[in-house]
Amino acid sequence: MAWTDNLPAVRGKLLLNEPLGPYTWFRVGGAADALFIPADADDLADFLKALPESVPVTAIGVGSNLIVRDGGVEGVVIRLAGRAWGQVTADGDTVTAGAGALDSMVARASAKAGIAGLEFYAGIPGSIGGALTMNAGCYGSETKDVLVSAWGLNRRGERVELALVDFGYTYRHSNAPADIIWIEATYRGTPDAPEAVAARIQEITERREKTQPIREKTGGSTFKNPDGHSSWKLVDDAGWRGKLHAVTGGGAKFSELHSNFMINPGEATAADIEGLGEAVRADVLAKTGVQLNWEIRRIGRK
């Protein structure tokens with residue numbers, strides 16, 4: 001009997017052999033053996049406790065900084081989607097957000113409450129779960145600057161609470177246990193006039209719209225910035241801005257608007273997109289001696 005024949009009962013959605021491409025911004029990738037969209041944290045905890053430990057579990061958010069490989073993903077993919085996962089509340093100078101809340105929603109809710117410090121989230125096209133995992137940031141601010149604490153569930157369905165210091169944050173990296181599926185985060189900002197915070201958010205939004213291909217099938221920043229360098233400039237100087245690179249026939253390219261953003265201009269496969277990234281990494285290393293490291297998360301079988 002296959003493990004998929006005896007899955008735990010759930011209150012949310014549990015889909016077998018579910019294509020994951022539609023759940024990502026690149027719109028590429030194979031299917032999950034099983035995709036689970038839990039109704040709430042208790043539903044997820046019960047599922048994890050009952051799921052055999054031999055079954056791999058992978059959590060994804062809104063798929064904005066993700067490549068799902070064409071061979072699909074082994075085991076269960078967990079996606080936190082729906083109203084239960086996207087609640088944002090404010091109290092004094094504190095903001096509490098569900099892991100499924102869009103970063104931009106958290107920025108706007110903070111502005112409405114007159115809380116400054118989270119404006120940068122308006123420039124990050126992801127959700128809070130991903131922000132916690134990678135210390136997401138932009139325009140000079142990072143998650144570590146405002147996070148107080150967060151809690152989630154480990155692979156055994158047990159509640160785990162971490163304070164900021166426990167994350168061990170560095171640039172786009174966390175030392176938190178990799179098996180934690182984040183449920184909720186608490187932030188602390190500083191009081192400010194709502195209209196002033198909203199104005200700064202508007203500036204960030206306009207800057208992003210002018211400089212990033214946000215209306216394309218993209219995946220956000222492709223590479224982390226190496227020490228002393230900007231990834232976009234390394235890619236640009238190597239001649240890859242706007243250059244089509246067909247790996248398996250469908251084609252993918254780095255944006256003409258921002259040369260650290262890959263785009264799927266048509267019917268590229270995950271192999272096309274990841275292959276382009278690897279080709280650029282190799283070319284930049286050969287030309288400059290600088291190693292580019294992926295910021296986009298890549299999961300699944302090739």
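Label His173 and Arg301 with points 7 Å out from Cα along Cα→Cβ: what is the distance between them in nm?
3.1
In Å, what is the Rg of the alpha-carbon atoms in region 58-191, and how long is Dmax?
Using the Cα atoms of region 58-191, the pair Rg, Dmax is 14.3, 48 Å.
At what distance in angstrom do the alpha carbon centres of region 256-293 and region 200-233 lie from each other?
Each part reduced to its Cα centre gives a spacing of 15 Å.
Just the accessible area per residue of region 30-77, please: how many Å² with a 1.4 Å probe?
Here the residues of region 30-77 average 31 Å² of exposed surface.
Share of antiparallel DSSP beta bridges in region 1-147, in percent to the nearest 5? Could you put the intermediate results ahead of the total?
On the way: 13 of 21 bridges.
In region 1-147, approximately 60 percent of DSSP beta bridges are antiparallel ones.
Give me the percent of accessible area attributable to carbon and sulfur for the chain, probe 1.4 angstrom.
Values: 6630 of 13660 Å².
The computed percentage sits at 49.
Cβ neighbours within 10 Å, averaged per peptide: list 295-302, 145-152 in order, most packed at the top.
Details: 295-302: 16.6, 145-152: 20.2.
In decreasing order of mean packing, 295-302, 145-152 become 145-152, 295-302.
Sum up the charges of everything whose Cβ sits under 13 Å from the Cβ of Ala101, counting Lys and Arg as +1 and Asp and Glu as -1, but leave Ala101 out. Mind showing how you got there, number by number?
Numbers: positive: Arg83, Arg108; negative: Asp103, Glu184.
It works out to a net charge of 0.
Using a basic spin-label model with each label point 7 Å from the Cα along Cα→Cβ, how many nm lie between Asn17 and Arg207?
Each label point is offset 7 Å from its Cα along the Cβ direction, giving 4.8 nm.
Between Glu53 and Trp151, what length comes free when the chain is fully extended (0.36 nm per residue of separation minus the Cα-Cα distance, one decimal in nm)? Write out the running numbers ahead of the final one.
Values: separation 98, 0.36 × 98 = 35.28 nm, distance 2.11 nm.
Working it through step by step, the gained length comes to 33.2 nm.
With both bridge residues required to lie in the chain, what share of the DSSP beta bridges run antiparallel, to the nearest 5%?
Values: 39 of 51 bridges.
In the chain, DSSP labels about 75 percent of beta bridges as antiparallel.
Scan [x] 5, 18, 25, 25, 17, 7, 2, 0; [y] 6, 26, 33, 25, 9, 1, 0; [z] 7, 30, 38, 21, 4, 0 for the value of P(r) over Cα pairs in 10 Å bins from 0, in percent calculated from this model and give just the label.
[y]
Let me spell out the model: positive unit charges on the Cβ of Lys and Arg, negative unit charges on the Cβ of Asp and Glu, origin at the Cα centre of region 1-156. What dipole size does that give, in debye rounded to 20? Mind dumping the intermediate values first?
Details: 12 positive and 16 negative charges, 38 e Å.
With only Lys, Arg, Asp and Glu charged at Cβ, the dipole is about 180 debye.
Grab the beta carbon distance between Asp42 and Ala286, set R0 = 45 Å, and tell me the FRET efficiency rounded to 0.05.
Efficiency for this residue pair is about 0.30.
Over 20 Å between Cα atoms, which of Lys233/Lys287; Lys112/Lys217; Lys144/Lys224; Lys13/Lys302; Lys210/Lys233; Lys49/Lys302 qualify?
Values: Lys233/Lys287 13 Å; Lys112/Lys217 30 Å; Lys144/Lys224 17 Å; Lys13/Lys302 26 Å; Lys210/Lys233 17 Å; Lys49/Lys302 29 Å.
Where the Cα-Cα span goes over 20 Å, the pairs concerned are Lys112/Lys217; Lys13/Lys302; Lys49/Lys302.
Is the shape of region 255-302 rounded, prolate or oblate, going by the alpha carbon gyration tensor and its root eigenvalues a ≥ b ≥ c, with a/c under 1.5 for rounded and a/b larger than b/c for prolate? Walk me through the numbers before you get to the answer.
On the way: a/c = 1.99, a/b = 1.33, b/c = 1.50.
The shape class here is oblate.
Measuring with a 1.4 Å probe in the full set of protein chains, what accessible area per residue, in whole Å², belongs to region 91-237?
Working: 6670 Å² over 147 residues.
Value returned for region 91-237: 45 Å² of accessible area per residue.
Please compute the net charge surrounding Glu203, taking Lys and Arg as +1 and Asp and Glu as -1 over other residues with Cβ under 15 Å from its Cβ. Could the numbers behind the result be given before it?
Numbers: positive: Arg108, Arg200, Arg207, Arg208, Lys210; negative: Glu119, Asp192, Glu195, Glu206, Glu209.
Neighbour charge sum, excluding Glu203 itself: 0.
Which FRET efficiency value, to the nearest 0.05, do you get for Glu278 and Glu74 by plugging their Cβ-Cβ distance into 1/(1 + (r/R0)^6) with R0 = 22 Å?
Working: r = 22 Å, r/R0 = 0.99.
Efficiency for this residue pair is about 0.50.
Please list, by residue number, every one of the trypsin sites (Lys or Arg not before Pro) in region 92-197 that is coil in DSSP and has at most 14 other beta-carbon atoms within 10 Å.
On the way: sites: Arg108, Lys112, Lys144, Arg155, Arg156, Arg159, Arg172, Arg188; in loops: Arg155, Arg156, Arg172.
Loop-located and lightly packed - Arg156.
I need the shape label for region 102-257. Rule: rounded when a/c is under 1.5, else prolate if a/b > b/c, else oblate, with a, b, c from the alpha carbon gyration tensor. Numbers along the way, then the final one.
Details: a/c = 2.10, a/b = 1.33, b/c = 1.58.
Cα axes put region 102-257 in the oblate bin.
The values are calculated or read from the model by the stated rules, or taken from the named source; none is laboratory data. This is a predicted model, so every value here is computed, not measured. Positions of Cβ are generated from backbone atoms using ideal geometry, with glycine treated the same way; all protein chains shown enter the neighbour counts. Each accessible area value is taken on the protein alone, full model and side chains, heavy atoms only, with ligands, DNA and RNA left out. Shrake-Rupley method; radii C 1.70, N 1.55, O 1.52, S 1.80 Å.
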